[in-house]
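The values are calculated or read from the model by the stated rules, or taken from the named source; none is laboratory data. Bear in mind the structure is a predicted one, so any value in this text is a computation, not a measurement. Virtual Cβ from ideal backbone geometry, glycine too; neighbours counted across all protein chains shown. Each accessible area value is taken on the protein alone, full model and side chains, heavy atoms only, with ligands, DNA and RNA left out. Shrake-Rupley method; radii C 1.70, N 1.55, O 1.52, S 1.80 Å.
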Amino acid sequence: MDTIEWLCALIFAAAWLGYEPVMARIGTHHTTINADLAHIRAAWMVRMLAREGRIMDTNLIGHVLNSASFFASTNLLIMAAAAGLLFGGEAALARLNGLAVLAKAPSWLLELKFTLVVITLGRGLLDFIWAIRQLNYCVSLLGAAPEAGESDRHKRYASAIAGALNPALSAFNRGVRAYYFAMAAAAWLIAGWAMALGALASFALLAWRQLYSDAALATRRARQVLEE
């Protein structure tokens, strides 16, 4: 690997690992979808406890749980495919080197590139698994929720459920984000600059969606209405 390749790898690592802390810092001065939704979920829990029938709420939690399970399964399949190429031996790597679109590289460098893809997806898989576990905890919390008439305990219990639900969905978001950066990591097979460009493009796209997309503006308005 030459200096340019190392620089591109550092850009990828900075974009991938730095996205969440950077957005958290931006969130202290500018609202984001994730920050707004944290408040909206807290309001949801308050209203859920005030309802006699909570079938809708349990269905919504179940939907998120099913989504996390689906993404985790898909993530595992993609990891298996990437690992299959990684452990396919010299013949598989030689066939890859024969593709015109990919940059020619020694076997150890090709293995390193595939390893980065697997690591990126692996981190996402762990986030999905953690999200699933936390959502299962939320199911128990929802089942043990006070009755609608026990309003004296609603505020504290709603805060407790929201405190478990928000980290679960943050882990789910990190898992989804792994797909973006895994695609950027896969672009390293073409060239180092392609990986760096892909990582920066993923960072910019995700940040724009958090701050200025139609969904961001809508959740911001919804939060303002709830806080009036």
Item to check | Odd one out for Cys138 among (1) closer than 30 Å to Gly53 by Cα; (2) open to solvent by 40 Å² or more (accessible area, probe 1.4 Å); (3) modelled with pLDDT of 90 or more; (4) not aliphatic (A, V, I, L, M) | outcome: (2)
Item to check | Residue that is open to solvent by 40 Å² or more (accessible area, probe 1.4 Å) and more than 16 Å from the chain's Cα centre (by Cα), where the choices are Arg133, Arg174, Arg123, Arg220 | outcome: Arg220
Checklist entry - Is it the case that the stretch 157-171 has a residue that's open to solvent by 20 Å² or more (accessible area, probe 1.4 Å), over 19 Å from Ala24 (Cα atoms) and out of contact with any helix residue (DSSP H, G or I) (no Cβ under 9 Å at 6 or more places or on another chain)? => result no
Item to check | Filter result (modelled with pLDDT of 90 or more and either assigned to a loop (DSSP other than H, G, I, E, B) or not hydrophobic (A, V, I, L, M, F, W, C) (or both)) within the stretch 29-45 | outcome: Thr32, Asn34, Asp36, His39, Arg41
Checklist entry - If you take the residues of the stretch 46-72 that are among the basic types (Lys, Arg) and open to solvent by 70 Å² or more (accessible area, probe 1.4 Å), which of them is nearest to the chain's Cα centre (by Cα)? => result Arg47
Checklist entry - Among (1) more than 19 Å from Phe172 (Cα to Cα); (2) touching a residue at least 24 places away in the same chain (Cβ under 8 Å), where does Ile55 come up short? => result (2)
Item to check | Residue list for the stretch 1-29, filter: of a type outside the set (A, V, I, L, M) and exposed (fewer than 14 other Cβ atoms within 10 Å of the Cβ) | outcome: Asp2, Thr3, Trp6, Gly18, Pro21, Arg25, Thr28, His29
Item to check | Qualifying residue in the stretch 187-206 (condition: touching a residue at least 24 places away in the same chain (Cβ under 8 Å) and loosely packed, with under 14 Cβ neighbours inside 10 Å) | outcome: yes
Checklist entry - Within the set of pairs 6 or more residues apart or between chains, which connect a residue that is under 12 Å from Ile61 (Cβ atoms) inside the stretch 139-155 to a residue that is open to solvent by 60 Å² or more (accessible area, probe 1.4 Å) with Cβ atoms less than 7 Å apart? => result Leu142/Thr58
